[in-house]
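Written out below as structure tokens is the structure these notes cover.
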Amino acid sequence: MSGAGLPGTAAGEEAGVGTGPDGRLPQDPRPSHDVRVRDEWVPLLDGTRLHARIWAPVVEHPVPVLLEYLPYRLDDWTAPRDSERHPWYAARGYASVRVDIRGTGSSDGLFDDEYSVQELDDGIALIEWLAAQPWSTGAIGAFGISWGGFNALQLAGRAPAALKAIVTVCSTDDRYDNDVHYVGGAVLGIDMASWGGTMFAFGSRPPRPEVVGPDWIARWRERLEHNVPMTPTWLAHQERDDYWRHGSVCEDYSSITAAVLAVGGWADPYRDAVLRLVSNLDAPVKGIIGPWSHQYPDRGLAPGPGIGFLEETLRWWDCWLLDEPNGVEDEPALRAWINDSEPPATYYAERTGRWVAAEAWPSATTEARAVPLGSFAAPSAVGADGTVVVRSPQSTGMDAGRFFPFGNATDLPPDQRAEDGRSVCFDLPVGAGAAPLDVLGNVVVDLAVTSDVPHAQVIVRLCDVAPDGSSTLVTRGVLNLDARHGRDRAVAMEAGVEQVVSVALVSTGHSFPAGHRLRIALSSTYWPWVWPRAEEATLVVDPAQSSVTLPVWTRAGDDGVRFAPPSHAEPLAVRRLPAASSLPQRSVTHDVETGEWTLDVDPGYGGGREYPDGLVFTEDSRETYRIVDGDPLSATAESQWRIGLEKPEWKAWLETSSRLTATATEFVVENDVRAWARDGGPDAEVVLVAERWFEDRVPRTSA
């Protein structure tokens with residue numbers, strides 16, 4: 001589409017007219033409209049203006065409106081992705097609108113926190129503004145992936161009258177126990193630190209001069225003076241309190257009245273939310289879970305196969321925003337992919353498997369099958385009293401893979417044999433000649449466990465072990481034992497006293513073939529996914545009093561679920577720049593003399609690129625995680641970012657560094673930022689816009 005997603009278009013200026021691409025479902029009889037794209041300022045009551053880009057069909061009548069509301073910069077960072085879907089919807093008769101949150105991109109104001117009251121209040125005002133425009137029918141849909149999926153759900157929880165339907169992808173209904181901060185009541189080492197560093201860097205980026213005008217450096221300086229690291233705030237709430245209840249729609253599912261299409265992937269950490277939404281919403285709801293990573297499922301990113309996601313969502317919008325009786329309401333409650341067993345790999349272009357359908361969730365087709373842990377093949381570590389001792393090296397977890405897989409070559413967990421060797425494992429064979437054992441849902445492991453210290457955690461992995469011994473990670477679960485009675489409280493273990501605790505593993509869809517083994521692997525550490533407790537724990541587990549409950553899908557064969565092939569609008573013509581670093585994407589090193597393990601990662605968010613308007617965007621980042629076996633207080637997580645934006649007439653660049661460590665009693669969070677600007681050509685003066693340094697100390701409570 002000519003002009004689609006042009007970075008730097010001044011607000012109110014029309015960027016061009018084009019024709020939407022082909023690719024509709026064959027049964028879709030509507031014409032493909034020409035599309036006009038323009039930028040607008042959306043005024044709020046306090047005088048703040050939000051920067052919006054609107055793709056609209058060239059028609060003479062009002063149309064329904066779709067909204068995507070994000071902090072990630074419509075002018076450049078998300079422009080390639082935006083160009084694939086917003087004009088696609090517009091060509092099919094919808095106005096599709098992309099808006100930057102207050103204080104991000106080129107929007108006015110100052111950003112305060114993720115999913116804040118201010119963000120949601122602005123979102124409600126935005127929906128009301130869109131509904132009141134003369135080109136709008138007043139029927140609004142909201143969609144998004146990750147952040148945009150989060151706030152679409154949260155805005156639906158506010159139940160504005162104009163919001164009729166949402167599509168939420170790779171998002172969560174529970175901000176505490178199913179986001180990037182905590183898991184099972186334990187601090188997420190890998191993303192509490194790295195995502196905090198990423199958002200500190202992202203929040204430090206400037207507005208675009210072409211959009212906000214000649215005072216862009218002053219605006220940027222104000223933004224930098226206000227921007228503070230969010231990690232200390234997140235660490236200050238180590239139990240589920242009102243901070244996390246805010247924005248968690250699981251607190252009151254009945255608050256949602258809009259129709260909800262929830263989409264997730266087995267390679268994405270948020271997939272449980274799809275099952276919970278389908279189970280708990282009173283509003284119309286459908287769920288789809290594929291093999292996908294943290295991506296829209298039409299983008300061709302691993303693992304596939306992708307689906308015609310835009311076609312599927314178009315049917316959703318037509319049903320709920322146009323009141324078309326198109327059969328959407330008759331679809332199964334849940335359509336889910338079950339992965340076939342495949343050798344372990346950090347990258348699958350496509351997974352083999354099949355789609356299944358559940359008319360409700362929980363499904364009558366899923367049978368909860370409880371198996372005593374003691375009936376699994378007994379490990380050699382079983383003592384004379386029938387118990388096993390779990391005391392894992394601090395390096396356990398180095399082969400966990402990325403918390404948020406994005407389809408990169410090293411994202412997924414490698415062969416788990418090394419991790420299994422650091423754990424205590426129980427194997428359940430699938431008999432030779434037996435039918436495959438299909439698992440769909442949440443595996444739950446109940447453990448009779450004793451700890452020698454009051455504060456400990458347990459990690460449970462489910463692996464698929466092939467006859468050759470290779471071990472493929474299927475899913476996992478974490479429990480901070482302080483949180484065993486609920487995530488809203490911290491109750492220390494009584495040392496030496498056995499307790500039965502329940503560990504829910506993240507949901508999965510997986511087929512275990514005959515001749516393979518289901519492996520339950522137990523560990524007391526899992527760095528850097530989980531931040532280590534202050535002292536090492538020795539856990540004693542009684543397998544005879546422990547069990548595994550498997551959600552077994554009992555219907556074999558093809559359920560007839562079909563999707564259109566992926567399609568989208570022609571992407572923005574962005575040229576990828578060579579990588580700034582020759583370092584490997586992911587490496588693990590072990591200093592044998594000191595016992596230190598180092599995980600070094602390029603998060604691979606996209607790197608450098610050149611846009612059609614001449615903007616050169618550079619992005620170089622690195623995450624490093626270190627720990628010494630035997631010393632949980634040696635854990636260190638660091639994140640460095642270098643970001644640059646440059647056109648012939650201006651340039652802005654910044655560097656940030658974030659570091660998280662801990663003593664026995666507190667977390668120590670260090671951050672710094674430096675930013676420079678050049679307002680003019682290459683010979684113009686370079687000015688230091690800001691230089692700031694932060695050190696925050698947060699007491700350890702239940703973490």
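The values are calculated or read from the model by the stated rules, or taken from the named source; none is laboratory data. A quick note: this is a predicted structure, and the numbers were derived from the prediction, not measured. Heads up, the Cβs are rebuilt from the backbone with ideal geometry, glycines too, and the neighbour counts pull from every protein chain shown.
List pairs: first residue in the range 192-212 and surrounded by fewer than 22 Cβ atoms within 10 Å (Cβ to Cβ), second residue in a loop (DSSP other than H, G, I, E, B) and basic (Lys, Arg) anywhere in the structure, Cβ distance under 9 angstrom, at least six positions apart or on different chains.
That search, which allows pairs on different chains as well, returns Phe202/Arg73.
Restricting to the range 37-55, name every residue that is in contact with an Asp or Glu (Cβ under 7 Å, 6 or more places away or on another chain) and buried (at least 21 other Cβ atoms within 10 Å of the Cβ).
Asp39, Leu50, His51, Ala52, Arg53, Ile54
I'd like to check something: does the range 165-173 contain any residue that is at pLDDT 95 or above and surrounded by fewer than 24 Cβ atoms within 10 Å (Cβ to Cβ)?
No, the range 165-173 has no match at all.
Filter the range 44-63 down to the residues that are under 30 Å from Tyr611 (Cα atoms) and not β-branched (Val, Ile, Thr) and list them by number.
Result: Arg49, Leu50, His51, Ala52, Arg53, Trp55, Ala56, Pro57.
Considering only the range 214-247, state which residues are under 30 Å from Ala652 (Cα atoms) and either outside any helix (DSSP H, G or I) or among the basic types (Lys, Arg) (or both). If you could, list the steps in order and put the result at the bottom.
So in the range 214-247, the residues under 30 Å from Ala652 (Cα atoms) come out as 214-234.
Correct list: Pro214, Asp215, Arg219, Arg221, Arg223, Asn227, Val228, Pro229, Met230.
Identify, please: which residue in the range 228-277 is in contact (Cβ under 8 Å) with a residue 12 or more places away in the chain and of a type in the set (Ser, Thr, Tyr) and is, among those, nearest to Leu660 (Cα to Cα)?
Once the filter is applied, the top-ranked residue is Thr231.
Can you say whether Val530 is buried (at least 17 other Cβ atoms within 10 Å of the Cβ) and closer than 19 Å to Ala370 by Cα, as far as the supplied structure shows? Walk me through it before giving the result.
Values: buried (at least 17 other Cβ atoms within 10 Å of the Cβ): yes; closer than 19 Å to Ala370 by Cα: no.
No; evaluated as a whole, the condition is false for this residue.
For the range 550-562: of the residues being surrounded by fewer than 19 Cβ atoms within 10 Å (Cβ to Cβ) and within 27 Å of the chain's Cα centre (by Cα), which is nearest to Trp355 (Cα to Cα)?
Within the range 550-562, the first condition is being surrounded by fewer than 19 Cβ atoms within 10 Å (Cβ to Cβ), and the residues that meet it are 552, 554-562.
Checking which are within 27 Å of the chain's Cα centre (by Cα) leaves us with 552, 561-562.
Working: Val552: 15, Val561: 6, Arg562: 8 Å.
Here the answer is Val561.
Quick check on my filter: what residues within the range 56-76 are in a loop (DSSP other than H, G, I, E, B), surrounded by 23 or more Cβ atoms within 10 Å (Cβ to Cβ) and among the hydrophobic types (A, V, I, L, M, F, W, C)?
Hit for the range 56-76 is Leu74, nothing else.
Within the range 102-121, track down each residue that is of a type in the set (A, V, I, L, M, F, W, C) and buried (at least 19 other Cβ atoms within 10 Å of the Cβ).
Phe111
I need every pair where a residue in the range 279-294 that is in contact (Cβ under 8 Å) with a residue 24 or more places away in the chain and among the charged types (D, E, K, R) has its Cβ under 7 Å from the Cβ of a residue that is part of a strand (DSSP E or B) and surrounded by 23 or more Cβ atoms within 10 Å (Cβ to Cβ), sequence separation at least 6 or different chains.
What qualifies is Lys286/Leu261.
Tell me whether the range 33-41 contains one or more residues that are part of a helix (DSSP H, G or I), over 21 Å from Pro206 (Cβ atoms), touching a Pro at 6+ places or on another chain (Cβ under 7 Å) and in contact (Cβ under 8 Å) with a residue 60 or more places away in the chain.
no
Among the numbered conditions (1) in contact with a Phe, Trp or Tyr (Cβ under 6 Å, 6 or more places away or on another chain); (2) among the hydrophobic types (A, V, I, L, M, F, W, C); (3) not assigned by TED's automatic domain parsing to the domain that holds Gly469, tell me where Ile520 comes up short.
The failed condition is (3).
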